[in-house]
Amino acid sequence: MLEKLKESLERSDVVRFGEYQYFVHPITDGIPSMDPQVLDEVLNSIYDIMDLDVDYLVGAEAMAIPLIVPLSLMTGIPYNVVRKRKYGLPGEVSVKQTTGYSEKELYINGLRKGDRVMVLDDVVSTGGTLRAIVLALKGMGVEVRDVIVVVKKTDKLDELEREIGQKVRTLVEVEVRGGKVRVIT
């Protein structure tokens, strides 16, 4: 299962941001170009495990967008993008995101107390994006029913799950060592 994704991950280039080893892949970066068969494999795998009893699919700009848009079409569930840009709309919630290589603000709009959501992300590494979004959603009174991530690149997922009070389901796990990506599961 997910053989095309796994093969493509192992062919990924790795770049450094200081000490942080960052792999470059179409699912996580939009470059190099996406093989539609890999995307189809990923989308069908997410669909097979996701909670369909939600009001919205939620994902952070930018790389969750190519995942939540087709999933919205597949499921008929509307999607909501957590943006990197402030709009100043009523009810807008600002979220501080800290990752292994940057720190920035994200903005949640259009969600209200009682909404039920599935959060989708491309990769979990430091957990900074998921932590910020899930805790902000819960603080808004939004019910986070499901969290799915395509690629796990961390050995601290249990710690993140405790912090956010939420199970995080992943499709594949990788490690980056010596400038190479190795698929673990």
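Here, each number is a calculation from the coordinates, and none is a lab measurement. In this text the structure is predicted, and so the values were computed from the model without any measurement. Every residue, glycine as well, gets a Cβ built from its backbone with ideal geometry; the counts of neighbours run over all protein chains shown.
At 222 nm, what value in deg cm²/dmol follows for the chain if DSSP H runs of at least 4 each add -39500 (n - 2.57) and the sum is divided by all its residues, to the nearest 500?
On the way: 6 runs with 57 residues, N = 185.
Roughly -9000 deg cm²/dmol at 222 nm, from the helical runs in the chain.
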Would you mind computing, in nm to one decimal, how far apart the modelled labels at L52 and D158 are, each placed 7 Å from Cα along Cα→Cβ? 3.4 nm
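Can you pull out the trypsin sites (Lys or Arg not before Pro) in the stretch 49-103 that DSSP calls coil and that have at most 15 other Cβ atoms within 10 Å?
Values: sites: R83, K84, R85, K86, K96; in loops: K84, R85, K86.
Here the trypsin sites (Lys or Arg not before Pro) that fit, given the DSSP loop and packing criteria, are K84, R85, K86.
Could you size up the charge dipole of the chain around its Cα centre, putting +1 on the beta carbon of Lys and Arg and -1 on that of Asp and Glu, and report it in debye to the nearest 20?
Working: 25 positive and 29 negative charges, 115 e Å.
Roughly 560 debye, rounded to the nearest 20.
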Label-zone membership for the stretch 135-149, site M1, 7 angstrom Cα→C-beta point, backbone N under 19 Å: 146-149
In nm, give the distance between the simple-model label positions of I31 and S102, each being 7 Å from the Cα along the Cα-to-Cβ direction. 1.3 nm
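Looking at the stretch 44-124, which GluC sites (Glu not before Pro) are in a loop (DSSP not H, G, I, E or B) and have at most 15 other Cβ atoms within 10 Å? Before the final figure, lay out each step's value.
Values: sites: E61, E92, E103, E105; in loops: E61, E92.
Here the sparse-neighbourhood loop sites are E61, E92.
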From the coordinates shown, log10 I(q)/I(0) by the Debye sum over Cα atoms at q = 0.13, 0.17, 0.18 Å⁻¹ corresponds to which of [x] -0.65, -1.01, -1.10; [y] -0.64, -1.12, -1.26; [z] -0.72, -1.24, -1.39: [y]
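Relative contact order for the chain using alpha-carbon pairs under 8 Å, separation at least 6, rounded to a whole percent?
Values: 341 pairs, mean separation 38.6, N = 185.
Here the relative contact order equals 21 percent.
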Under 17 Å between alpha carbons: how many lysine pairs meet that in the chain, if sequence neighbours fewer than 8 apart on the same chain are excluded? 17
